[in-house]
Amino acid sequence: MSCEELARRIAQLDPDLPPAEVARLCLLILQAGETPSSLSDDAELLRHWRIAAFRLDAAADQHAAMACELDQLCGEGPVRFQPEQIWTLLKAVKIHSQILELYTGAPSLI
């Protein structure tokens, strides 16, 4: 199955999805290492689509929460870092590496 065919099938399953979301789901499904032949079954494709959508939503939620924490940290001004501020920065790096891993399929080094 080609990427174009996968995108067409995902768009048929949910016609309200914007093209960028269809492309994102295609990437995530294919990055999961699924064989194109396993995606020819509608039930199997739907299962992989739900997994990919869940992972994407979870990553987006984590990213949004971390962005709020980083925004608060930046609002504190240039002060000497406290242990909890360093922990916030480390969590932000970890979340960003997870998002990169999600899209690239390559394991993060962190």
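The values are calculated or read from the model by the stated rules, or taken from the named source; none is laboratory data. Computed from a prediction, not measured in an experiment: that's the story for all the values here. Note that each Cβ is placed from the backbone with ideal geometry, even for glycine, and that neighbours are counted across all protein chains shown. All accessible areas refer to the heavy atoms of the entire protein, side chains included, with ligands and DNA or RNA removed. Shrake-Rupley method; radii C 1.70, N 1.55, O 1.52, S 1.80 Å.
Data for the structure
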quantity: Filter result for residue 89 (at pLDDT below 80, touching a helix residue (DSSP H, G or I) at 6+ places or on another chain (Cβ under 8 Å), part of a helix (DSSP H, G or I) and of a type in the set (A, V, I, L, M)); calculated: no
quantity: Residue within the stretch 43-59 that is open to solvent by less than 50 Å² (accessible area, probe 1.4 Å) and charged (D, E, K, R) present; calculated: no
quantity: Which listed residue is in contact with a Lys or Arg (Cβ under 7 Å, 6 or more places away or on another chain) and in contact (Cβ under 8 Å) with a residue 40 or more places away in the chain, from 45, 56; calculated: 56
quantity: Subset tally (residues that are touching a helix residue (DSSP H, G or I) at 6+ places or on another chain (Cβ under 8 Å) and in a helix (DSSP H, G or I)) for the stretch 1-18; calculated: 7
